[in-house]
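Take a look at the structure below.
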Amino acid sequence: MVPDPKQTPDVVLVTGAAGGIGQALVLGFEAAGWRVVSVDRLPMARTDHVQADIGDLVDPESAEHQELVDRLRAATGGRCKAVVANAAHQVVKPAAALDASDWRTTLDVNLLSPFWLAMAFADELERNRGSVLAISSIHEKLTKPGFVAYATSKAALSGLVRAMAVELGARLRVNAICPAAIATPMLKAGFDGQPEALAALEAFHPVGRLGDPAEVARVAVFVCSDAAGFMNGSCLALDGGIGARLHDPV
């Protein structure tokens, strides 16, 4: 029996799916009725999972690029309606300590891979009236010492989103979400034994807490849905108000 296309769920491709925000994205889209193809370097106990390094996408002339694109296209089955570029690499070092490898990996994962992934799926997304969503960061505009490589990559990623929205807007939508501190297991682990420091970070957000990964997922589902059809080139702050706060030492 041939399945009724109207009853076949839309497909979303989520990179970095094994992380805290990535897992929430998978659950959020599934709860909304999407079929999720997850992508991560780590294995996941999911049927629709592609274990791969998206860094393999950065050279479009390479065999690794074509092999990965073929695997991802096979997994989506031609029904991809959204690509969520969530995978990220974060280097926390003083600027003087950054080396060429730090820069290369950061830009490959955070900027170039999302671009080549979007281009690889542009035709499929256009057919399905779909969109690309990048998970950027508050570091696109506001940062702190030690984040030069990461903040630069996220600023460039948000710039890429706006530029691609202008160029590809007649074919597909391109948007970004820019979260502040999200209470992922990785973030919490960084504060082990430092409850006062974690409380201070929470309090610094005007809402008085950190973001929840599920909140990122809910926004992502909306942005990728047809209900957000006029949203294009947007970089949405999801920061609990911290981006509006003046840090005055006096």
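Just so it is clear, none of the values below were taken in a lab; they were calculated from the coordinates. Bear in mind the structure is a predicted one, so any value in this text is a computation, not a measurement. FYI the Cβ positions are ideal-geometry reconstructions off the backbone, even for glycines, and counts take in every protein chain you see.
Considering the range 142-187 alone, what residues qualify as being part of a loop (DSSP other than H, G, I, E, B), touching a helix residue (DSSP H, G or I) at 6+ places or on another chain (Cβ under 8 Å) and either of a type in the set (Asp, Glu) or farther than 20 Å from ASP239 by Cα (or both)?
Selection gives ARG171, LEU172.
Any chance you could count how many residues in the range 128-147 are touching a residue at least 24 places away in the same chain (Cβ under 8 Å) and more than 19 Å from the chain's Cα centre (by Cα)?
Result for the range 128-147: 4.
In the range 23-50, the residues that are in a loop (DSSP other than H, G, I, E, B) reach residues that are buried (at least 19 other Cβ atoms within 10 Å of the Cβ) and not hydrophobic (A, V, I, L, M, F, W, C) with C-beta atoms within less than 7 angstrom, at least six apart or across chains, in these pairs: TRP34/ASP10; MET44/SER38; ARG46/SER38; ASP48/ARG35; ASP48/SER38.
From the list MET164, MET186, the one residue that fits, being of a type in the set (A, V, I, L, M), surrounded by fewer than 18 Cβ atoms within 10 Å (Cβ to Cβ) and touching a residue at least 24 places away in the same chain (Cβ under 8 Å), is MET186.
Does ALA17 satisfy the condition of being in contact with a helix residue (DSSP H, G or I) (Cβ under 6 Å, 6 or more places away or on another chain), part of a loop (DSSP other than H, G, I, E, B) and within 26 Å of VAL223 (Cα to Cα)?
Details: in contact with a helix residue (DSSP H, G or I) (Cβ under 6 Å, 6 or more places away or on another chain): yes; part of a loop (DSSP other than H, G, I, E, B): yes; within 26 Å of VAL223 (Cα to Cα): yes.
Here the answer is yes, as ALA17 does meet what is asked.
Among the conditions (1) hydroxyl-bearing (Ser, Thr, Tyr); (2) surrounded by 14 or more Cβ atoms within 10 Å (Cβ to Cβ); (3) part of a loop (DSSP other than H, G, I, E, B), the only one that THR106 does not satisfy is (3). Does LEU117 satisfy the condition of being closer than 18 Å to GLY16 by Cβ, under 14 Å from the mean Cα position of the chain (by Cα) and in a helix (DSSP H, G or I)? Yes: the conditions hold for LEU117.
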